Amino acid sequence: MNRLLQKFTPMAEVRAELDALGIRPFGAVTEKILSSTEAIVDGRRVILAGTNNYLGLTFDPECIAAAQRALAEQGTGTTGSRMANGTFADHVALEQELAAFYGRRHAIVFSTGFSATMGMGATLAGPGDVVLLDADSHASIYDGVRLGGAEVIRFRHSDAANLERRLERLGERAADALVIVEGIYSMLGDRAPLAEIARLKERHDFCLMVDEAHSLGVLGAHGRGLAEAAGVEDAVDFVVGTFSKSLGSIGGYCVSNRPELEAIRFSIRSYIFTASPSPSVIASTRVALRHLRERPHLREQLWRNAERLYAGLAGLGFTLGPEPGPVVAVRLEDRATALRWWPELLERGVYVNLVVPPASPSTFSLLRCSVGAAHTDDQIDRIVDAFASLRNGA
Ligand code: PMP
């Protein structure tokens, strides 16, 4: 076979293995979505416990009405880049609202969270620059910094002392470095040690970017994310994030007080060479952001649900991520058990995410659950019961 295509053989073998088991964990089809917490997946009615729908806003009537209005008034798409015909008044309004929400002067809206994080990483640091990355960083962070051509140094996951040693080794270059961490890590649901990293920044004066994809609307008194919760917003130069989790739509953003962001905007290839988000997407996102600001009870409910699920699964003796949060990952040393349990959960009416190496942060596999404000106590208990019956081999 052509060498070009040979490298896909291992992936084809994994697919064949899953097909033989009769499961489709990475292509499960949502045949009918019933609400923000329930759907028909692969023929079964299931509780959605793996959708990152943290505030449960995907079926919010006001978000839907705003999207429908925008669709009727502005059409299905912008058919162009933000730098050409694709900047509508609502894109600018959303940028202003994001800047105001974060109390920062500048904001950029992107078409996806991936293109925001990837584009910022690729553009901020180029050849001759140094980027220090948490080893468990999201693919969009890795891809961005590789694309930019900077020297990439990984530090041990959430280990500020390890980061410090690497900064010290850099000497004077540390002051020109870019450090990137995430608010909540998507796989295990743990948080970056941001207060310690902010203290390191006082000494080394590097540039700090935080991806708050999973922490927007989740952490902080106003829902601004980990930097707010840790009381270190001033130390963060660039916040990036996504609309595809708490805000229930699709798109990404970067906010900053750095005046350079306006020049950076015109240098980001994933902003320039792609069509801007559709008007309906922007409209629902704007309403969702207003709800995030004005409905703190959603965040409170999310936390009650997160703690209920974490306590329930911990009570069954499962090894989970280190702290409760909207991402609750059940860690399994044995990949075969994860592969067997995923469809069994589906049969018991629970959809979670299956994560196996190399996608998981280490050699273990995960049955990754996420909860949102819209889950009921009964649904959370049914998720826990499903895991309990697996544990008991029922
Ligand atoms: N950053 C992180 C940390 C993420 O987890 C994700 C998505 N899982 C993204 C960026 C990309 O966001 P999106 O899926 O909205 O493009």
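Have a look at 144, 103, 119, 113 and point out the one that is farther than 21 Å from residue 196 by Cβ and surrounded by fewer than 22 Cβ atoms within 10 Å (Cβ to Cβ).
103
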Report summary line: The condition of being in the same structural domain as residue 174 (by TED's automatic domain parsing) and touching a His at 6+ places or on another chain (Cβ under 6 Å) holds, among 66, 89, 93, 135, only for 135
Report task. Go through segment 83-101 residue by residue and tally those that are free of Cβ contacts under 8 Å to residues at least 60 places away in the same chain and farther than 17 Å from residue 242 by Cα. Result -> 3
Report task. Return the residue satisfying two criteria in turn: it lies in segment 301-314 and is among the small types (Gly, Ala, Ser) and touching a residue at least 24 places away in the same chain (Cβ under 8 Å), and of such residues it is surrounded by the most Cβ atoms within 10 Å (Cβ to Cβ). Result -> 306
Query - Wholly enclosed helices (runs of 4 or more DSSP H) of segment 56-140 bearing at least 2 residues within 25 Å of residue 292 (Cα to Cα) and within 16 Å of the ligand (Cβ to nearest atom) - result: 89-102, 113-124
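For every residue, the table says whether it meets (1) touching a helix residue (DSSP H, G or I) at 6+ places or on another chain (Cβ under 9 Å); (2) open to solvent by 20 Å² or more (accessible area, probe 1.4 Å); (3) at positive phi.
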position	(1), (2), (3)
326	yes, no, no
331	no, yes, no
346	no, no, no
357	yes, yes, no
364	yes, no, no
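Residues checked against (1) open to solvent by less than 20 Å² (accessible area, probe 1.4 Å); (2) over 24 Å from the mean Cα position of the chain (by Cα); (3) hydrophobic (A, V, I, L, M, F, W, C):
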{"site": "4", "(1), (2), (3)": "no, yes, yes"}
{"site": "13", "(1), (2), (3)": "no, yes, no"}
{"site": "55", "(1), (2), (3)": "yes, no, yes"}
{"site": "84", "(1), (2), (3)": "no, yes, yes"}
Query raised in the report: Scanning segment 39-52 for residues that are of a type outside the set (Gly, Ala, Ser) and closer than 10 Å to residue 375 by Cα, which turns out surrounded by the fewest Cβ atoms within 10 Å (Cβ to Cβ)?
Result: 47
Query - Single residue of 200, 226, 261 found to be at pLDDT 95 or above and within 16 Å of the ligand (Cβ to nearest atom) - result: 226
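The values are calculated or read from the model by the stated rules, or taken from the named source; none is laboratory data. Note that the coordinates shown come from a computational prediction; the quantities given were computed from them, not determined experimentally. Every residue, glycine as well, gets a Cβ built from its backbone with ideal geometry; the counts of neighbours run over all protein chains shown. Heads up: the accessible areas ignore ligands, DNA and RNA and are worked out on the full protein's heavy atoms, side chains in. Shrake-Rupley method; radii C 1.70, N 1.55, O 1.52, S 1.80 Å.
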